[in-house]
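These notes concern the structure reproduced below.
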Amino acid sequence: MTSTVTARPAPRPAAHRTTPAFDNGRRARIRRWRASWRRRETRAAYLFILPWIFGFLVLTAGPMVASFVLSFTDYDAIGSTRSVGFDNYRQVFEDPSVATSLLNTLVFSALRVPLLMAISLALAMLLLRVGRRSSGFFRTVFYLPVMTPSVAVGILFLLLFNGNVGVINEALGVVGIPGPNWTTDSAWVKPGLVLTTLWALGSTVVIYLAALKNVPRELYEAAELDGAGRWQAFTHVTLPQISGALFFTLIVNTIYSLQTFTEAYTAFYGTANTQTYQNDAALFYVVYLFQQAFQYLHLGYASALSWLLFAVIVVITLVQARLSKRFVYYEGDAR
């Protein structure tokens, strides 16, 4: 009778045996290595963003704090600084030029921003239909005016919108339409400046073009199968899909419009026009702030004006952000 002998596995060499102490030591070394790697990555990250931090503290945060302190003083950069408490802020609300300039700025922004967004979206949709080779050329052509200095745009305004010999009025006269006095008539000063600033809408066009290219074609095919026309596809597919880009450009262009300065100052408050121009229709808020700060050296009062503009921009931006929850669609949103 044979007996079956079960072979036992050979014992593992001592070098391959693990103990709880060995495992704990290995885990500790791995943790130390990971912590050291994270510290090196953190130091490298801070090194890369150090120029931005320096620029923000020295060129943005520092001047903001200094202007806030100066807004409570009577400071002219020549004599001694004298604390005046809230007198500058009280004067801001009592100064009729502040109300005039702020109203001009708000009207200008209300005219410029929707018109710029509508024209930019129309041009972007046209570029979307152009061939790939031609699209690059036209993108360049539309974006080049963005590089034009704002001072040149202000001079361009005087050349194009001169009431007597301007190119715009000459063109209107060809078709029998009498052109208005763009530079002297209060009702046409801001519309003329709005049309001039539309010269540099290329950056908004590029943003819209990128957003339009990211709209899934399947959505248009589904809308077509459901019997939707071009307008319905535009309102129910295109606009919701690019609403994020629309909201971004709305915020950026609103802030830019509220800080309009160079074009209006060059056209109406430059050396050649200082004595002849008596109309307040082009007195924008930043123009008035500049006059108080650098013409009359009321730097404390100008600082208070700047903080009022900052508050206005913050309020308008918060209102826009609040309203955006109703019409801005983000991918993955379950609403």
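GNM on the chain, alpha-carbon springs under 10 angstrom: the most fluctuating residue among Ala233, Ala45, Ala28 is Ala28.
Remark on Thr73: its backbone amide H falls under 5 Å from those of Val84, a criterion applied only to residues 5 or more positions apart or on other chains, H modelled at 1.01 Å from N. Along the axis of the charge dipole computed for segment 19-70 (Cβ charges of +1 for Lys and Arg, -1 for Asp and Glu, origin at the Cα centre), the listed residues Ile30, Phe54, Ala66 are led at the positive end by Ile30. Among the helices of the chain, those built from whole DSSP H runs whose Cα atoms reach 20 Å or more along their own axis and whose mean Kyte-Doolittle hydropathy is at least 0.0 are 96-129, 243-258, 299-327. Using only Cα coordinates, the Kirkwood hydrodynamic radius of segment 54-171 works out to 19.7 Å.
Computed over segment 179-335, the P(r) curve from all C-alpha pair distances, binned at 10 Å from the origin, holds 9, 26, 27, 20, 12, 5, 1 percent per bin.
In units of 2.2 N^0.38 Å, what is the alpha-carbon radius of gyration of the chain? Intermediate values should be presented prior to the final figure.
Numbers: Rg = 31.3 Å, N = 335, 2.2 N^0.38 = 20.0 Å.
Output field value: 1.56.
The modelled label-to-label distance between Ala28 and Leu225, using points 7 Å beyond Cα along the C-beta direction, is 6.4 nm. With coordinates expressed along the principal axes, the C-alpha atoms belonging to segment 19-70 extend over 69, 20, 6 Å, beginning with the largest. Taking Tyr46, Tyr265, Tyr285 in turn, the Gaussian network model of the chain (Cα-Cα springs below 10 Å) assigns the largest fluctuation to Tyr46.
A crude spin-label estimate for the pair Leu239 and Tyr46, with each label 7 Å from Cα along the Cβ direction, gives 5.0 nm. Given a cut-off of under 8 Å on Cα pairs at least six residues apart, what relative contact order in percent is computed for the chain? Relative contact order for the chain comes out at 25 percent.
Each value in this text was obtained by applying a stated rule to the coordinates, not by laboratory testing. The model shown is predicted, which means the values in this text are computed figures rather than measured ones. In this analysis, Cβ positions are derived from the backbone assuming ideal geometry, glycine residues included, and neighbour counts consider all displayed protein chains.
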